[in-house]
Amino acid sequence: MEANFIQQLSIFVLAIFVGYYVVWSVTPALHTPLMAVTNAISSVIIVGALIAAGPESMSLSKALGFVAMTLAAINIFGGFTVTQRMLAMYKKKK
Amino acid sequence: MTELHANLTSLAYLVAAVLFIMALRGLSSPETSRTGNICGMLGMLIAVVTTVFSPEVQSYEWIVAALVLGAVIGITIAKRIAMTAMPQLVAAFHSLVGMAAVLVAGAAFTNPGAFGLVGATGDIFVASRIEMGLGVVIGAITFSGSVIAFTKLQGLVSGAPVSFGGQHYLNALFGLVILALLVYFCIDQQPWIFWTMTALAFVIGVLIIIPIGGADMPVVVSMLNSYSGWAAAGIGFTLKNDALIVTGALVGSSGAILSYIMCKGMNRSFFNVILGGFGGDSSAG
């Protein structure tokens, strides 16, 4: 279990560096779309909600998972759709 | 279940993570931005489908219901919203991620067995307690902070900074109490500790955001975005889920950098904005 934690810590730290370097060159006009897409991606928390909502029998935990899933799903569909709308507008202006 | 299945799951999560990185990268320039958005969607699709087929998920009715409900509400809002209302929409969306993180942590706490977090003694692993504690606290701050940011941007409350004497001391006190509760939670896994910690985190989320003025809100929204990433990563450690850890870290650090870049663009000091009331406005001190 300890070895597993170190492994997870490693990918966590490496991912922080990737996130750090990947957005430095963003054009100012794309700040809001980038924020919107980052927001949509952060709803990957739905993975945790899926596991909570997964068991066969009903429980408080499953109900919480269901609500969490719905909230995250709103965010996923809403976030990507709204980003697409913004980007479409950007293209038209050009 | 089997080793093959576990390996396939890890591989699929890896592909999803790479797609998310490409999405963030793609959004940096206009030429690649649309491809970037599509990468993001694909990554999310892969992450969701992979999890649905994992052995932990055994019943599908509620999952399908939640997905359909979320899709209908999300797409309707996204299509109808005025382009000028974009910052507050993003703030509102953040609050959902924060709340989802709180609920997932709550689900893990109330039914730790289902998540494999219980040791032979019947107690939740101490490491898991720290991780779910951090996840629930950051998630709660993200939620209430985003709600305040939303009400300010939407004009429901005045955008003027709200500050009062001893504000920073009060915030520090709240922070310390939450920290103490987190330590206590590691010693004794009482439900009241978990929920008190959560409630205090909701309050401090409000306290952190009210002293920040309306003009600085976009930076705050981006900062909250970063918080939602850290919350997801915390939950990822709890659930030992690589997709959540990687993506959470990615969102956490890129969100922080983006808010820094936005501050520089507005010629504002990053720390003045984030700490609100410090420096800049002498009226606060």
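The values are calculated or read from the model by the stated rules, or taken from the named source; none is laboratory data. Predicted, not measured: the structure shown is a model, and the values here were computed from it. All Cβ positions, glycine included, derive from the backbone under ideal geometry; neighbour counts span all protein chains shown. Please note that ligands, DNA and RNA were not included when accessible areas were found on the heavy atoms of the full protein model with its side chains. Shrake-Rupley method; radii C 1.70, N 1.55, O 1.52, S 1.80 Å.
Quick notes
- Just one of the listed residues (A:15, A:68, A:73) is at the interface with chain B (Cβ under 7 Å from one of its Cβ atoms) and in contact with a Gly (Cβ under 7 Å, 6 or more places away or on another chain), and it is A:73.
- Matching entry among B:166, B:122, B:159 (being in contact with a Lys or Arg (Cβ under 6 Å, 6 or more places away or on another chain) and away from every other protein chain (no Cβ under 14 Å)): B:159
- Within region A:51-74, the only residue that satisfies the criterion of being touching an Asp or Glu at 6+ places or on another chain (Cβ under 8 Å) and under 17 Å from residue B:232 (Cβ atoms) is A:51.
- Evaluating residue A:5 against the criteria (1) closer than 19 Å to residue B:242 by Cβ; (2) modelled with pLDDT of 90 or more; (3) among the hydrophobic types (A, V, I, L, M, F, W, C); (4) open to solvent by 10 Å² or more (accessible area, probe 1.4 Å) leaves one unmet condition, (2).
- Residue in region B:5-12 that is touching a Pro at 6+ places or on another chain (Cβ under 8 Å), open to solvent by less than 60 Å² (accessible area, probe 1.4 Å), touching a residue at least 40 places away in the same chain (Cβ under 8 Å) and more than 10 Å from chain A (Cβ to nearest Cβ) present: yes
- Within the option set B:206, B:136, being more than 28 Å from residue B:245 (Cβ to Cβ) and either outside any helix (DSSP H, G or I) or touching a helix residue (DSSP H, G or I) at 6+ places or on another chain (Cβ under 7 Å) (or both) holds for one residue only, B:206.
- Just one of the listed residues (A:82, A:37) is touching a Lys or Arg at 6+ places or on another chain (Cβ under 9 Å) and in contact (Cβ under 8 Å) with a residue 24 or more places away in the chain, namely A:82.
- Filtered by the rule that a residue be aromatic (Phe, Trp, Tyr) and in contact with a Leu (Cβ under 8 Å, 6 or more places away or on another chain), region B:1-56 gives a lone residue, B:20.
- Top-ranked residue of region B:225-239 - restricted to ones that are facing chain A (nearest Cβ under 7 Å) and open to solvent by 10 Å² or more (accessible area, probe 1.4 Å), ranked as nearest to the chain's Cα centre (by Cα): B:237
- Which listed residue is open to solvent by 10 Å² or more (accessible area, probe 1.4 Å) and under 24 Å from residue A:5 (Cβ atoms), from B:206, B:183: B:183
- Annotation: of all residues in region B:240-261 being in contact (Cβ under 8 Å) with a residue 12 or more places away in the chain, in a helix (DSSP H, G or I) and open to solvent by 20 Å² or more (accessible area, probe 1.4 Å), the one that is farthest from residue B:124 (Cα to Cα) is B:256.
- Taking region B:37-64 as the range and being open to solvent by less than 80 Å² (accessible area, probe 1.4 Å), assigned to a helix (DSSP H, G or I) and facing chain A (nearest Cβ under 7 Å) as the test, the residues that pass are B:37, B:40, B:41, B:44, B:47, B:48, B:51, B:52, B:63.
- Number of residues in region A:19-46 that are facing chain B (nearest Cβ under 7 Å) and surrounded by fewer than 19 Cβ atoms within 10 Å (Cβ to Cβ) equals 5.
- Residue B:235 being part of a helix (DSSP H, G or I) and without any contact (Cβ under 8 Å) to a residue 60 or more places away in the chain: no
- Exclusive hit being at pLDDT 90 or above and under 16 Å from the mean Cα position of the chain (by Cα), set A:66, A:80, A:17: A:80
- Test: residue in region B:162-176 that is within 30 Å of residue B:86 (Cβ to Cβ), assigned to a loop (DSSP other than H, G, I, E, B) and at pLDDT below 90: yes
- Sole residue being surrounded by fewer than 23 Cβ atoms within 10 Å (Cβ to Cβ) and on the phi > 0 side of the Ramachandran plot, chosen from B:165, B:122, B:113: B:122
- Yes/no for residue B:78 being at the interface with chain A (Cβ under 7 Å from one of its Cβ atoms), at negative phi, in contact with a Ser or Thr (Cβ under 7 Å, 6 or more places away or on another chain) and of a type in the set (A, V, I, L, M): yes
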